[in-house]
Amino acid sequence: MAKFHFVEDYERYVAQLVATHPIDEAMSLAVGGDYERVGKIEAAILLSFGLRQGMHVVDLGCGSGRLAAELHKSFDISFTGTDVVGSLLDYAKTKAPSYNFILHQALGIPVPDSSADIVSAFSLFTHLLHAETYLYLEDTLRVLKPGGKLIFSFLEFAEKGHWDVFRSTVEVTRSAGQSHLNTFIERNAIQTWADRLGFEIERFVSGGDTAWDAAALGQAVVVLRKPNP
């Protein structure tokens, strides 16, 4: 069976990084750099939206484990990280040895129904087609417990700070050197998806309007909640 574009894109991209950089640097660059700093921001986001000891967190597109590494320091939780590149997961396991990491290259989430308190997806849907993101959201609704939350980051044209990402994407595309897809998602699209699937939108966050700085993350954040019965 043919692989999805995002699997081939990232296998090739990560292999190139590993071949040309020391392993720690390669694993940081594979998830956008600033491994420890961004991991701290992502952990602070989850904490601000309800992460507590004993919960089950599923991190989609966990990459080389920057969120897992930070949570592993101080949280007694059940953690499942999924990604499409095995070498990233191997590295993540070294940073968070008690956590569970799963190689999964399909558009779904390999955990049971109603088993997760929080599903996170940082810098994942920014690299997928909208239809692919929708399928992930659909399966997230299945795996969340009632009242559970999906927290994901996204790029939007309305946020001025995100324009540079689009501009650089244009230039790389012009030179035929693009290694992976960069996708922008507008808030009205997220609202439509939430309405169709039955999610409640708890909050959109951009800029520096919280204790953690969304601008420092480089992307906006949305929190979707699965309603209680």
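Restricting region 123-132 to residues that are out of contact with any Leu (no Cβ under 7 Å at 6 or more places or on another chain) and assigned to a helix (DSSP H, G or I), the residue that is surrounded by the fewest Cβ atoms within 10 Å (Cβ to Cβ) is Ala131.
Report, by residue number, each residue of region 105-123 that is modelled with pLDDT under 95 and touching a strand residue (DSSP E or B) at 6+ places or on another chain (Cβ under 8 Å). Within region 105-123, just Ser123 meets the criteria. In region 124-143, the residues that are of a type in the set (D, E, K, R) reach residues that are crowded, with 18+ Cβ neighbours inside 10 Å and part of a helix (DSSP H, G or I) with C-beta atoms within less than 8 angstrom, at least six apart or across chains, in these pairs: Glu132/Phe6. When Ala189, Ala194, Ala220, Ala216 are screened for being modelled with pLDDT under 90 and not acidic (Asp, Glu), only Ala216 passes.
Restricting attention to region 138-157 and to residues that are of a type in the set (Lys, Arg) and not in a helix (DSSP H, G or I), the residue that is farthest from Phe4 (Cα to Cα) turns out to be Lys145. Residue check: is Ala92 hydrophobic (A, V, I, L, M, F, W, C), farther than 23 Å from Thr183 by Cα and in contact with a Ser or Thr (Cβ under 7 Å, 6 or more places away or on another chain)? Against the criterion (hydrophobic (A, V, I, L, M, F, W, C), farther than 23 Å from Thr183 by Cα and in contact with a Ser or Thr (Cβ under 7 Å, 6 or more places away or on another chain)), Ala92 qualifies.
Annotation note: Cβ proximity below 8 Å between a residue of region 17-46 that is without any contact (Cβ under 8 Å) to a residue 12 or more places away in the chain and a residue that is crowded, with 20+ Cβ neighbours inside 10 Å and of a type in the set (S, T, N, Q) (sequence gap 6+ or interchain) occurs for Asp34/Ser28. State whether one or more residues within region 189-199 are basic (Lys, Arg), under 19 Å from the mean Cα position of the chain (by Cα) and under 30 Å from Asp113 (Cα atoms). Looking through region 189-199, none of the residues is basic (Lys, Arg), under 19 Å from the mean Cα position of the chain (by Cα) and under 30 Å from Asp113 (Cα atoms). Just one of the numbered conditions (1) in a strand (DSSP E or B); (2) among the hydrophobic types (A, V, I, L, M, F, W, C); (3) surrounded by fewer than 22 Cβ atoms within 10 Å (Cβ to Cβ) is not true of Leu135: (1).
The values are calculated or read from the model by the stated rules, or taken from the named source; none is laboratory data. All values derive from a computational prediction rather than experimental measurement. All Cβ positions, even for glycine, are placed from backbone atoms using ideal geometry, and neighbour counts span all protein chains on display.
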